[in-house]
Amino acid sequence: MLFWLLTVTVPIAYGQSIASKVYSWSQVPVVRQTGYEERTLLDGTTTDLANLTVQAVTLPANQPAQSSQQLDEETLLIIRTGKLTLTLGEKTKTLGPGSVAVIMPGDAHRLENKSKEPLTYYLMRYTSNDMPDLDLYRLAGGSFWVDWNEVPYTPHDKGGIRRMFDCATVMTKRAEMHVTTLNPGLWSHLPHTHRAAELLFMIENTAHEQIGGVLQRAEAGDLIFLEANVPHAIQNSSQGTCTYIAFQFE
């Protein structure tokens, strides 16, 4: 029952629009269930999504194998700590921190923690406003993972970047993810806007996110949501480098 509880399909709900701001890891209540715990960081609607939920799920060590699941939603997984053993169809891969997976509607998958340490991952579930005809057999087969260790790091004058993926999915016209490492005190860019909404997952140290002209502090573990066309910019406010995962979608 464990992974059914974690990945059960939620009916489309017309909730409140998600506010552009920093969502604090430390201030989100922890819900403890039998065999796992979770934090719900945000839940609502966006310009392009009828529903968007982001949770952080923690599994203890050495979880027993579970049966595969298939969902009507699209799912994005980002591993924060520990190791996730992910099965997509007939393929299985153990992924470490920073690795990601995109699971298309209808694709069979299984999530396991076979390691001796706890596993924590972000679980993002979303459905487009332009709801596709969910013929799951026709849609199946487009899921993929990206192993952090296999993505090259490209240095630049402000730090460096890892480019994770850039493609269309079942629920998005375009989904793009990269990982930015920013040197101390620097801004990534001037305040700007873009049509795509954006999620930033802070994975190292601290930063200040300017949203609509107001600075908000973000720490490791925090999630930043930026709606389409909202002015924003980010500055490294720590003594060392800061690193964050940026996911844009429309």
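Which ranges mark the strands (runs of 3 or more DSSP E) fully within region 1-98 that have 3 or more residues being at pLDDT 95 or above? First the steps, then the outcome.
On the way: elements: 21-23, 31-33, 36-44, 49-59, 74-81, 84-88, 91-95.
Here the list reads 21-23, 36-44, 49-59, 74-81, 84-88, 91-95.
So how many residues does region 122-153 have that are modelled with pLDDT of 95 or more and in a strand (DSSP E or B)?
Going through region 122-153 one residue at a time, the tally reaches 8.
Tell me whether region 218-231 contains one or more residues that are without any contact (Cβ under 8 Å) to a residue 60 or more places away in the chain and buried (at least 19 other Cβ atoms within 10 Å of the Cβ).
no
Hey, can you tell me all the residues within region 99-121 that are assigned to a strand (DSSP E or B) and open to solvent by 20 Å² or more (accessible area, probe 1.4 Å)?
110
The values are calculated or read from the model by the stated rules, or taken from the named source; none is laboratory data. Note that the coordinates shown come from a computational prediction; the quantities given were computed from them, not determined experimentally. FYI the Cβ positions are ideal-geometry reconstructions off the backbone, even for glycines, and counts take in every protein chain you see. Just so you know, the surface numbers come from the protein's heavy atoms only, side chains and all, with ligands and any DNA or RNA stripped out. Shrake-Rupley method; radii C 1.70, N 1.55, O 1.52, S 1.80 Å.
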